[in-house]
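A quick write-up on the structure given underneath.
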């Protein structure tokens, strides 16, 4: 596979010089003795204006970082709730360029680090450099890329360095030690640990695999590891906050937008944030 | 090539080809700047396992013997190479030979790939296979292989396709498979692939995704081609044995491109053989309702590979349209994109109407009912034959009958009878079949 852009020295240098908005947001949470809360919203669901309002509500009620998803025709990593939302956004006429309006609308009103989560083809179509330039211009922190692995990311390495953007790759329970190392080395800002083998969607419990994935990422040198997939309530947040630097909530927030709009997002975010404290150990577990 | 990020690599490859480098057995993951693995990290370990298992298997005499045995004694290979003498008269008078994949067990080339992959699944200790299907042909073939080898089989199929293809759903269920209707997205083949990928991510420990075409993430394009190379290898040996010479041209239809890459592979290194791939032009490429991915698409990434893709300015996949469900896919295998860019294979669209004319022509001149997919190759073959004949006449040397073309008849048309009957108004308007035909049923 193509390993251009993954050579250690160039990247290490890039890492040292680059300031990361995501890392700063996670570090600020850490300095307050808690994990960071990361909330996901699909852009344009149900409208661009409402996504901006929901993003601001997220930030004002306890989210440190916000992921704005780009609705895409073929979302292979998403479960039914997010699929339904992004399909509706597309049906309502959402255009990829509007994601920059959403990012700018949130970053101009809040201190949250705002990342864009996107399947790769919309970025390819706009041009990786052009997309990156506009994202940086909108105040965005970087990209989370569910179907882009470091092996295929040489163009993205170049553009993310050029525009000072975070590149958040995913690691999974199935990642080998070697791949874990390569992905941790390639990431900037944080590493996205997929908690289970599956797609997005609320689940009643957090898989025990999540803790192992985080430990493996830490062992590979990752300073900031955030856990996503299946996290929907404060108890799950509490469980993950005990071992990871950040907790990512997606489907539950999208369902909140669907069922109760901005107010429901605010209420859920407030509730989720009660689980972030590092000393709030789950019942029965010693410090 | 303005959109290609690694144009330099492509130029090098094109240069190497011009200097005589072999195009056969391209191993992947890249074909020029196409191919690769644009996939979630969760699936990379499974792709690595598959690649390793496949690489070992193809060097293993036992595996090769197993494949050869199944091809001969289960599928009925080698498939015939039949001269179509009466059909030839409509193709400028050149001699047309048909590679008879329609005579294989299950009625198409699809069996070659499913047997190979199902054997690999067994080697990996997987007990369950999943597959996507459009009209149901790959689903039926997968269910067949699963039944033969004792694997659980789940087939994802667009809800609309399930309704239109009720008999193929029944066929899969008779073979012991479970068919899951897909209601997400546009509810078509591409969404069935999406849903199969979601299943695979969640069940990868015991499940192999038996992808039906030479597309997707590495190693699928190179692996699916490997299992279909038998088509080209046989065709090349047969024409040499029957006529003592290579053909002037080889033609095949292209959806994802598995039957085409299989027959093309046999002739890639024969510079005298012109190679043509015929895409589904639907209502006509000017209407926007088509599936002519290479002719009109732009490079992008979908379902794991970088390749030509039907997409809008935002990079959203555009729905394809074709009378042939088997060609109705907005992507194409990456090796075809590469062969197009370097000029080794010419890709052209064939409209629904041209394909159906060729469909009827083959029925009436040769007594063979082709799959509508294959009818696209027949229509293209007629055009190629007429061009060759015109060239001969212009040159003033020899006759059209000195020219030979091979058309890959990738499948039989039994499944398409209702569609064809509807197209040609053969049904009494009060018949039950007419009702079904209106809904696109393919019996």
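What follows draws every value from the coordinates through simple rules; no lab data is involved. Being a predicted model, the structure only gives us computed values, none of them experimental. Note: ideal-geometry Cβ built from the backbone for every residue, glycine included; neighbour counts use all protein chains shown.
Sort A:60-72, A:231-243 for me by packing, meaning the mean count of neighbouring Cβ atoms within 10 Å per residue, highest on top.
On the way: A:60-72: 25.4, A:231-243: 21.2.
Per-residue mean Cβ counts within 10 Å order the peptides as A:60-72, A:231-243.
Starting with the highest mean, order B:317-328, B:226-237, A:79-90 by the number of other Cβ atoms within 10 Å, averaged over the residues of each peptide. The partial results should precede the final answer.
Values: B:317-328: 24.8, B:226-237: 22.2, A:79-90: 20.4.
Descending mean neighbour count gives B:317-328, B:226-237, A:79-90.
When the Cα centres of segment B:195-257 and segment B:259-292 are compared, how far apart do they sit, in Å?
Spelled out, the Cα-based centre of one part sits 14 Å from the other.
Residue by residue through B:28-40, how many Cβ atoms from other chains fall within 10 Å of the Cβ on average?
Values: counts 0, 4, 2, 0, 0, 0, 0, 0, 5, 7, 10, 8, 13.
If you average over the peptide's residues, the count of other-chain Cβ atoms is 4.
Tell me the relative contact order for segment A:28-273 as a rounded percent, counting alpha carbon contacts under 8 Å between residues six or more apart.
Values: 518 pairs, mean separation 53.1, N = 246.
Relative CO of segment A:28-273 lands at 22 percent.
Among DSSP beta bridges whose residues both lie in chain B, state the antiparallel percentage, nearest 5.
35 percent
Once a ≥ b ≥ c are taken as the square roots of the eigenvalues of the Cα gyration tensor of chain A, is the result rounded (a/c under 1.5), prolate (a/b larger than b/c) or oblate (a/b not larger than b/c)? Present the calculation step by step, with values, prior to reporting the outcome.
Working: a/c = 1.43, a/b = 1.03, b/c = 1.39.
Since a/c stays below 1.5, the shape of chain A is classed as rounded.
Cα gyration tensor of segment B:57-180, axes a ≥ b ≥ c as square roots of the eigenvalues: rounded (a/c below 1.5), prolate (a/b > b/c) or oblate? Mind dumping the intermediate values first?
Details: a/c = 2.90, a/b = 1.31, b/c = 2.23.
The shape class here is oblate.
Working from the pairwise distances between different alpha carbons, so that the mean of 1/r is found and then inverted, what is segment B:162-302's Kirkwood radius in Å? Don't skip to the end; give the middle numbers.
On the way: mean 1/r = 0.0560 Å⁻¹.
When all Cα pairs of segment B:162-302 are included, the Kirkwood radius is 17.9 Å.
Comparing B:399, B:287, B:82, which has the greatest mean-square fluctuation in the GNM of chain B with Cα pairs linked when under 10 Å apart?
Of B:399, B:287, B:82, the Gaussian network model singles out B:287 as fluctuating most.
Dividing the Cα radius of gyration by the Kirkwood radius, what Rg/Rh value follows for segment A:29-134?
Over the Cα atoms of segment A:29-134, Rg/Rh equals 0.98.
Return the percentage of antiparallel bridges among DSSP beta bridges fully within the protein assembly as shown, rounded to the nearest 5 %.
Values: 19 of 83 bridges.
Expressed as a percentage, antiparallel bridges in the protein assembly as shown total about 25.
Say we join alpha carbon atoms closer than 10 Å with springs in a Gaussian network model of chain B; which of B:199, B:161, B:60 then has the biggest fluctuation?
B:60
Would you mind giving the mean number of other chain beta-carbons within 10 Å of the Cβ of each residue in B:295-307, as a whole number?
Working: counts 0, 0, 0, 2, 3, 5, 9, 7, 3, 2, 0, 4, 0.
Mean shielding count: 3.
Once you have the Cα-Cα distance between residue B:147 and residue B:287, take 0.36 nm times their residue separation minus that, and quote the gain in nm to one decimal. Please report the intermediate quantities before stating the final value.
Numbers: separation 140, 0.36 × 140 = 50.40 nm, distance 4.24 nm.
Using 0.36 nm per residue and subtracting the Cα-Cα distance, I get 46.2 nm.
Using helices alone, I'd like the mean residue ellipticity at 222 nm for the protein assembly as shown: each DSSP H run of four-plus residues gives -39500 (n - 2.57), total over residue count, nearest 500.
Rounded to the nearest 500, the figure is -14000 deg cm²/dmol.
May I ask for the distance between the Cα centers of segment B:86-118 and segment B:123-193, given as a whole number of Å?
Between the Cα centres of segment B:86-118 and segment B:123-193 lies a distance of 23 Å.
In whole angstrom, and with the biggest value first, how far do the Cα coordinates of segment B:226-362 range along each principal axis?
Extents along the principal axes, in whole Å: 51, 35, 24.
Which shape class applies to segment B:293-382: rounded if a/c is under 1.5, otherwise prolate when a/b exceeds b/c and oblate if not, where a ≥ b ≥ c are the square roots of the Cα gyration tensor eigenvalues?
Values: a/c = 2.81, a/b = 1.91, b/c = 1.47.
Cα axes put segment B:293-382 in the prolate bin.
Can you pull the mean other chain C-beta count within 10 Å for peptide A:70-83?
6
Based on Cα positions only, what radius of gyration and what Dmax would you give for chain B, in angstroms?
Looking at chain B, its Cα Rg and Dmax stand at 20.5, 64 Å.
Using a Gaussian network model of chain A whose springs link C-alpha atoms within less than 10 Å, name the residue from A:119, A:163, A:192 with the highest mean-square fluctuation.
The residue that fluctuates most here is A:163.
Against the empirical 2.2 N^0.38 Å scaling, what ratio does the C-alpha Rg of the protein assembly as shown come to?
Numbers: Rg = 26.8 Å, N = 730, 2.2 N^0.38 = 26.9 Å.
Output field value: 1.00.
So if each residue of separation counts as 0.36 nm, and I subtract the Cα-Cα distance between residue B:240 and residue B:122, what length gain in nm does that give? The partial results should precede the final answer.
Values: separation 118, 0.36 × 118 = 42.48 nm, distance 3.65 nm.
Once the chain is fully extended between residue B:240 and residue B:122, it gains 38.8 nm.
Could you let me know the centre-to-centre spacing of segment B:348-397 and segment A:39-115, using Cα atoms, in angstrom?
If we compute the Cα centre of each part, the gap is 51 Å.
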